[in-house]
Amino acid sequence: MLISLSSGLKAILSITPVILVLATFSPSAYAQSKSASDSEHLNQQRGLYRQSIKLIGKGDWRAVRKQRQQLVDYPLYPYLVYAELLADLRYSKRTDIAAYLDTYSGTVKARFLQGKWLDYLARRGHWQAYINTYGMHDYVANSSRQCNFHLAQYRLGNKPEALQGGLQLWAQGKSQPKTCNKLFGILIKGGHISENLAWQRFNEAILSHRYQLARYLKRFFTSPSYKQRYDIYYNVDRDPQRVGQYKNFDERN
């Protein structure tokens, strides 16, 4: 009987190491180990990301590119690439910028980068690249970039569309940004601002009580009829009591 118990004990002891090994590599233990490893890797990447942002601020592009290679699978990788491109806008990076706009189309960062890139291209006079970038991904441009778009058309020889688009912007009853001055200068110098168009803009300006713009528009009225109409409507708006002075009005007004 003693021999039998001794044999059984030896058998149990002989398989104990195997059980311990299997326990060590159980699914739950493996999951815990992997989770710890992933967490450590994420912490390392987080540190590299912060360092990279600082390096971008210093303009150390070689170091940035080296560290960026280790962050391709990091969740904030698109923001890192965005920050790098925005801080170092250059015409030589146009391919990288176009790739970013394609990859992250529709995101806030992509739209912002697209706008800044358009401003850069306009300042440098890269008009064909401006038109190409402007037409990407249904970009919604502000008045300043719309003016530059039509200026680009004009510079590249597409004058009919440039003039038409420029006149539509000029006719709005509000002051446009200084960026539009070059385009509007072309319209004025070329004699494309008619009295009728100026009157339309004047009416919108008066209705919106933009009196500085209304006074500016007076220079476009050269005929006696439009000059009289301007004086009457401007003065009546500023002093409504004059509306009762019917002698100031005739059928032409």
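Computed from the C-beta positions of I53 and R90, the FRET efficiency with R₀ = 30 Å rounds to 0.95. Dipole magnitude for the stretch 74-134: computed about the Cα centre from +1 point charges on Lys and Arg Cβ and -1 point charges on Asp and Glu Cβ, it is near 180 debye. Its residues counted as N, the stretch 91-140 yields a C-alpha radius of gyration over 2.2 N^0.38 Å of 1.02. If R0 is 25 Å, what FRET efficiency do you get for S225 and N181 from their C-beta distance, rounded to 0.05? Efficiency computed from Cβ-Cβ geometry: 0.30. Pairs from the list K174/K227; K54/K178; K109/K159 with a Cα-Cα gap above 23 Å: K54/K178; K109/K159.
Every read-out reported here was derived from the displayed coordinates using simple, explicitly stated rules and does not represent laboratory data. These figures come from a predicted structure and were not determined experimentally. Backbone-built Cβ (ideal geometry, glycine too); neighbour counts: all protein chains shown.
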